[in-house]
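What follows is a set of notes on a single structure, which appears directly below.
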Amino acid sequence: MHAGKTLFAQLMDFLPWKTFHRIVDRHDGDNRVRSLSCAEQYRAMAFAQLTYRESLRDIEVCLDAQASKLYHMGFRSPVRRSTLADANEQRDWRIYATFAQHLIAQAVKSRLRQARHPTRLIHRGLDFGLGSASF
């Protein structure tokens, strides 16, 4: 029984995908790509980060366990370990660095807006973090 979008799909909906695709186009990221687009690679790595996956095999097994929901999570086909490894090795890292910078800038703007209106602040001790670095 379908009860709506997965939590992962709902989280991914918050991301500015038009901006991501503009960045990919600027760096020719999806040029001559057949099976795993930059957006799918990003989704797979975001899924790995959010679910504490430790290896490509772990990512593959966990996504295969959700095979019936992959399309609704934003994947056109099952993600294979070798395909993900090739994508991680060959794709331009600047695509993801630029997108991360854009997301951080958005978070900082949002935080500054909230600081100007303290009544809108829900969590006063909120820190923006990416990996192990805090901003």
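In the condition set (1) at pLDDT below 90; (2) farther than 24 Å from HIS102 by Cα, CYS62 is compliant with all but (1).
Selection of the stretch 89-103 for residues being in a helix (DSSP H, G or I) and surrounded by 14 or more Cβ atoms within 10 Å (Cβ to Cβ) yields ILE95, TYR96, THR98, PHE99, HIS102, LEU103. Filtered by the rule that a residue be outside any loop (DSSP other than H, G, I, E, B), of a type in the set (A, V, I, L, M, F, W, C) and either modelled with pLDDT under 90 or over 24 Å from ARG80 (Cα atoms) (or both), the stretch 10-37 gives a lone residue, ILE23.
Selection within the stretch 38-78: residues that are outside any helix (DSSP H, G or I) and either aromatic (Phe, Trp, Tyr) or surrounded by 19 or more Cβ atoms within 10 Å (Cβ to Cβ) (or both). The member of this set that is nearest to the chain's Cα centre (by Cα) is GLY74.
Considering the stretch 79-88, and only residues there that are assigned to a helix (DSSP H, G or I) and of a type outside the set (Gly, Ala, Ser), the residue that is surrounded by the most Cβ atoms within 10 Å (Cβ to Cβ) turns out to be LEU84.
The values are calculated or read from the model by the stated rules, or taken from the named source; none is laboratory data. Values in this document were obtained by computation on a predicted structure and should not be read as measured data. A quick note on method: Cβ atoms are made from the backbone with ideal geometry, for glycine too, and the neighbour counts reach across all protein chains shown.
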